[in-house]
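A.B. asks: This is the structure I want to talk about, given as structure tokens.
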Amino acid sequence: MSFLHDYVYYIGAFGLVAVGLLILLVKRNLIKLIIGLSILDTGVNMLLISVGYITGGTAPIFSRPGLSEGGMVDPVPQALVLTAIVIGVAILALALGLAVRFYKNCGTLDLRTAKELKW
Amino acid sequence: MVSPVVLLAVPLGLALCVPLVGMASRKAAGFVPVAASLFNLVVSVGLLPDALEEPIVANLGGFAPPFAITLFAGPVGVLLSALVALAGLAVSLYALSYISEGPTIRYHTLYTLLLVGATGVVLTGDVFNLFVFFEILCISSYALVAYVGDRAGTEASIKYLIQGALGSALLLIGIGLLYGLFGTLNMADIAARMGSVDPGPVFVAMVLIITGLGVEAAIFPLNAWLPDAHSSAPSSISAMLSGIAIEVGLYAVVRMVFTVFGASSMLMFLVFMGLLTLLVGELCAFAQSNIKRMLAYSSIGQMGLIVFALALATVHSVTGGLFQLVSHTLSKALLFLAVGYMVYRSGSMEISSLEGMGRRMPLTSFAFTVGAFSLVGLPPFIGFPSKFLIVRSALAEQGVLLQVLVGLLLAATVVEGAYFLRVIQTVYFKKGRQQEARREAPAVALFSMFVFVVLIVVIGVYPNLISNALESGASELLERADYVRSVLG
């Protein structure tokens, strides 16, 4: 149980990454693929946060009274995740825009019809 | 001496000014990327002598090295940023006439952002910063591939986006693991502490990072998106994707393998992957009947050749690899630019529709021929010294295995020669069904092709012009300890 307790955030993060990957591999509907990408992104962001997390830790604001050295989480991964979220949103918006364009061109969101270009 | 920061700040600022300029005059918006890349070219060339003496390290925000975001303008970084700016300048001139329909203002904004992303990747010394610039480069290229908005472009862009986003996610996981292991994001700091941690997790992080970056660098088998994206994009964007984007991805892979991880055990694997990429690319290119797809597959092949040369990891072979990188940028960008107007005039991308082009567009056809000969490696063009260096350095190594590999490499070059000569034969020696009047590409497009032709011939005749700089670039990539020392002091 202590393994589960210690690594619960990592398990959750990699679980989300696995779900995202599975969706990307199995699904053929463009919107579902985009949802898969989004879940994958969330998993990666959670992984970054859990890298810097300390159980029971709080924000490293030095002016706050009674803050011990071991009671703070690492703020760098959180700054990274903010950036990564912004990038994720940009990709999501672009992907949805392309999905709209794809639907206008092909009348469907099924990627199995997208066979105009092949090796 | 100016700080390398301006190489990123000025084009980024200009990119965001494009819509404002576009409000005043639609036509003027196209000159903003020209100005941005001209600025970068001048500054990069100005920084080059200093960077060759001693790498220029700029720490952003005034913090000390491991905490600040570091920009590392060594020989490789400055050379590549000059190359990006040079290709960016010529292609943005070409786009002044080529991109005349559709949302042109957005095109110029995204194009300038693409330049910023590429310059950022080659200059940064921080792994997360690398990811951010990489995403700027990738997101703008996803959008630009779909610029025309037709069915093929949208489809190609979706494929590119999904594979690219997956690659970026893997890259980010790898960066997260690195941060967890080392507690730092500075490349030099990670490199310095590489020996002090358990190699198992480091290997996992390395595999994730190389796979993630390998998608953009088009290393087989991660390159399924490339032929679609490069052939469906507008030709000016194909030139940038083939000439700049994949090279920058490859640079990132090499920087990670050589400098950050110092992974000599990976090199033989990369040699094989490079050769496999080369063979797959050239053989697929041979089978194409669509001219732009043929060029796209040829890019895959060339990337394989560069990976092969870099992964041999001797000073001469890395010099050859960097030389080939420069030569591929110039030649492939020229080819895509020339093909852009040939396809535009003939109305079809089939090779057979280019019959009689030698009469209809003699100057453009000449530019195409120079690019093709240079890529195949004929003297007196730039492709000759670069391929010669690679083969010579590979043969200098002992071992039968490597000689067999060089034999395969030369066989791939023969295939490359075959399909390029076939196109040239179609262009010059087959008569078109209907005689059409001579109609050249516009003057500004011809001028940008002319820039590439001159560079290809001049560097081909005098390879010493750049070989010294490339050699110090090679030793920068190979000497990890020097890199660490110049950043951390």
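The values are calculated or read from the model by the stated rules, or taken from the named source; none is laboratory data. No experiment lies behind these values; they were computed from the predicted model shown. For neighbour counting, all protein chains shown are included, and Cβ atoms are generated from backbone atoms with ideal geometry for every residue, glycine included.
A.B. asks: Residue by residue through region B:165-201, note down the ones that are surrounded by 24 or more Cβ atoms within 10 Å (Cβ to Cβ), more than 22 Å from residue A:9 (Cα to Cα) and either more than 8 Å from chain A (Cβ to nearest Cβ) or of a type in the set (Asp, Glu) (or both).
C.D. replies: Across region B:165-201, the qualifying residues are B:186, B:187, B:188, B:190.
A.B. asks: With B:142, B:111 as the choices, which residue is under 19 Å from the mean Cα position of the chain (by Cα), under 20 Å from residue B:243 (Cα atoms) and either away from every other protein chain (no Cβ under 12 Å) or at pLDDT below 90 (or both)? Lay out the reasoning, then the answer.
C.D. replies: Numbers: B:142 fails: either away from every other protein chain (no Cβ under 12 Å) or at pLDDT below 90 (or both).
None of the other options fit; the residue is B:111.
A.B. asks: Sort through B:376, B:406 and tell me the only one that's among the β-branched types (Val, Ile, Thr), out of contact with any Lys or Arg (no Cβ under 6 Å at 6 or more places or on another chain) and within 21 Å of residue B:454 (Cα to Cα).
C.D. replies: B:376
A.B. asks: I need the full set of residues from region B:145-159 which are under 17 Å from residue B:292 (Cα atoms) and within 10 Å of another protein chain (Cβ to nearest Cβ), in order please.
C.D. replies: The first filter runs over region B:145-159 and keeps only residues under 17 Å from residue B:292 (Cα atoms), leaving B:145-148, B:150-157.
Result: B:145, B:146, B:150, B:151, B:152, B:153, B:154, B:155, B:156, B:157.
A.B. asks: While we're on this one: Considering region B:418-469 alone, what residues qualify as being in a loop (DSSP other than H, G, I, E, B) and farther than 18 Å from residue B:343 by Cα? Even if it seems obvious, please write down each step before you answer.
C.D. replies: Step one: of region B:418-469, the residues in a loop (DSSP other than H, G, I, E, B) are B:430-442, B:462-463.
B:462, B:463 - these are the residues of region B:418-469 that are in a loop (DSSP other than H, G, I, E, B) and farther than 18 Å from residue B:343 by Cα.
A.B. asks: With the condition kept exactly as written, say whether any residue in region B:281-295 is within 20 Å of the chain's Cα centre (by Cα), crowded, with 23+ Cβ neighbours inside 10 Å and more than 21 Å from residue B:334 (Cα to Cα).
C.D. replies: No: zero hits.
A.B. asks: Residue under question is residue A:82, and the condition is that it be of a type outside the set (Gly, Ala, Ser), part of a helix (DSSP H, G or I), within 12 Å of another protein chain (Cβ to nearest Cβ) and crowded, with 19+ Cβ neighbours inside 10 Å; does it hold?
C.D. replies: no
A.B. asks: List every residue pair whose Cβ atoms sit under 7 Å apart, with the two residues 6 or more apart in sequence or on different chains, where the first one lies in region A:89-101 and is over 12 Å from residue A:35 (Cα atoms) and the second, anywhere, is of a type in the set (Gly, Ala, Ser) and surrounded by fewer than 16 Cβ atoms within 10 Å (Cβ to Cβ).
C.D. replies: A:101/B:149
A.B. asks: Could you grab the pairs with beta carbons closer than 6 Å, sequence gap of 6+ or different chains, first residue in region A:70-87 and in contact (Cβ under 8 Å) with a residue 24 or more places away in the chain, second one outside any helix (DSSP H, G or I) and crowded, with 17+ Cβ neighbours inside 10 Å?
C.D. replies: A:77/A:52
A.B. asks: As an exercise: evaluate residue B:477 against (1) at pLDDT 90 or above; (2) in contact with a Phe, Trp or Tyr (Cβ under 7 Å, 6 or more places away or on another chain) and give the number of the one condition it does not meet.
C.D. replies: Result: residue B:477 fails condition (1) only.
A.B. asks: Any residue that is small (Gly, Ala, Ser), surrounded by fewer than 24 Cβ atoms within 10 Å (Cβ to Cβ), under 19 Å from residue B:240 (Cα atoms) and free of Cβ contacts under 8 Å to residues at least 60 places away in the same chain - is there at least one of those in region B:122-142? Lay out the reasoning, then the answer.
C.D. replies: Kept after step one, since they are small (Gly, Ala, Ser), are these residues of region B:122-142: B:125, B:140-141.
If we keep only those that are surrounded by fewer than 24 Cβ atoms within 10 Å (Cβ to Cβ) as well, we get none.
Among the residues of region B:122-142, not one is small (Gly, Ala, Ser), surrounded by fewer than 24 Cβ atoms within 10 Å (Cβ to Cβ), under 19 Å from residue B:240 (Cα atoms) and free of Cβ contacts under 8 Å to residues at least 60 places away in the same chain, which makes the answer no.
A.B. asks: While we're on this one: Run down A:68, A:38, A:50 and say which single residue is away from chain B (no Cβ under 12 Å) and either of a type in the set (S, T, N, Q) or within 15 Å of residue B:166 (Cβ to Cβ) (or both).
C.D. replies: Values: A:38 fails: away from chain B (no Cβ under 12 Å); A:50 fails: away from chain B (no Cβ under 12 Å).
From the options A:68, A:38, A:50, the qualifying one is A:68.
A.B. asks: Which of the following residues is more than 10 Å from chain A (Cβ to nearest Cβ), among the aliphatic types (A, V, I, L, M), touching a residue at least 24 places away in the same chain (Cβ under 8 Å) and not in a helix (DSSP H, G or I): B:222, B:208? Before the answer, list the steps.
C.D. replies: Values: B:208 fails: not in a helix (DSSP H, G or I).
Exactly one of B:222, B:208 is more than 10 Å from chain A (Cβ to nearest Cβ), among the aliphatic types (A, V, I, L, M), touching a residue at least 24 places away in the same chain (Cβ under 8 Å) and not in a helix (DSSP H, G or I), namely B:222.
A.B. asks: If you scan region B:43-66, which residues turn out to be in contact with a strand residue (DSSP E or B) (Cβ under 8 Å, 6 or more places away or on another chain) and either in a loop (DSSP other than H, G, I, E, B) or under 14 Å from residue B:240 (Cα atoms) (or both)?
C.D. replies: Initial filter on region B:43-66 (in contact with a strand residue (DSSP E or B) (Cβ under 8 Å, 6 or more places away or on another chain)): B:47, B:50-51, B:55-60, B:65-66.
Those that are in contact with a strand residue (DSSP E or B) (Cβ under 8 Å, 6 or more places away or on another chain) and either in a loop (DSSP other than H, G, I, E, B) or under 14 Å from residue B:240 (Cα atoms) (or both): B:55, B:65, B:66.
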